[in-house]
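Down below is the structure, laid out as structure tokens.
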């Protein structure tokens, strides 16, 4: 059996042939993502509604769009708050140095996001990742190798703000 590791360029070429497929490249392996459930989509909408007015002029928002981590990893995080750029990242995909906050809505993918994606985000230097789960909002900050040096949970009714965007504080009260 021969295993082939894919590179970003190959997956982008494949995606151009099949634009309806939601392909994610993680550590050289290609995964086709299922369409979001109504609960997943609704929570993402809730986050956008809560964060967008607070980051206007401070960050650019991307939803379910590629983040270039390495030649072998191009995930599609649910939400990215990015450093503003004049070209709105039309010239190339954002990289970890551009990220102010990354959010994954982890309802049916919590273990996958925590065990597969979180180490890749940490290793690439993404400064802060939020995993929105059924139970709580898990906040991961300060990447150190393949782990985050600071991790904590935010319960319903508590406030939280991105480390690099304290103006975007929100009351964690998702419509679950």
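Bear in mind that the values in this text are calculations on the coordinates, not laboratory data. This one's a predicted model, so the numbers in the text were calculated from it and none came from an experiment. Quick reminder, even Gly has a Cβ in these numbers, built from the backbone with ideal geometry, and neighbours come from all protein chains shown.
Under the Kirkwood approximation applied to all pairs of distinct alpha-carbon atoms, what is the hydrodynamic radius of the range 35-171 in Å? Could you put the intermediate results ahead of the total?
Values: mean 1/r = 0.0667 Å⁻¹.
Final number for the Kirkwood radius of the range 35-171 is 15.0 Å.
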What does the extension gain come out to for residue 10 and residue 147, with contour length at 0.36 nm per residue minus their alpha carbon separation? 46.5 nm
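If packing is taken as the mean number of other Cβ atoms within 10 Å per residue, what is the order of 45-57, 21-33, 82-94, 112-124, highest first? Present the calculation step by step, with values, prior to reporting the outcome.
Details: 45-57: 14.4, 21-33: 15.9, 82-94: 12.8, 112-124: 18.8.
The peptides rank, most packed first, as 112-124, 21-33, 45-57, 82-94.
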Mind pulling the angle between the C-alpha long axis of helix 8-17 and the longest principal axis of the chain? Nearest 10 degrees, somewhere in 0 to 90. 90
Which residues in the range 39-77 place their backbone N less than 16 Å from a point set 7 Å from the Cα of residue 97 along the Cα-to-Cβ direction? 68-71
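Rounded, prolate or oblate: which fits the range 108-164 when a ≥ b ≥ c are the square roots of the eigenvalues of the alpha-carbon gyration tensor, with rounded for a/c under 1.5 and prolate only if a/b beats b/c? Intermediate results must be reported in sequence, preceding the final value.
Details: a/c = 2.55, a/b = 1.27, b/c = 2.00.
In terms of gyration-tensor shape, oblate.
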Could you give the distance between the Cα centres of the range 126-176 and the range 69-118, to the whole Å? 15
Quickly rank 9-20, 139-150 as a protection proxy: mean count of other C-beta atoms within 10 Å, highest first. 139-150, 9-20
Any chance you could give the angle, 0 to 90 degrees and rounded to 10, that helix 38-55 forms with the longest Cα principal axis of the chain? 60
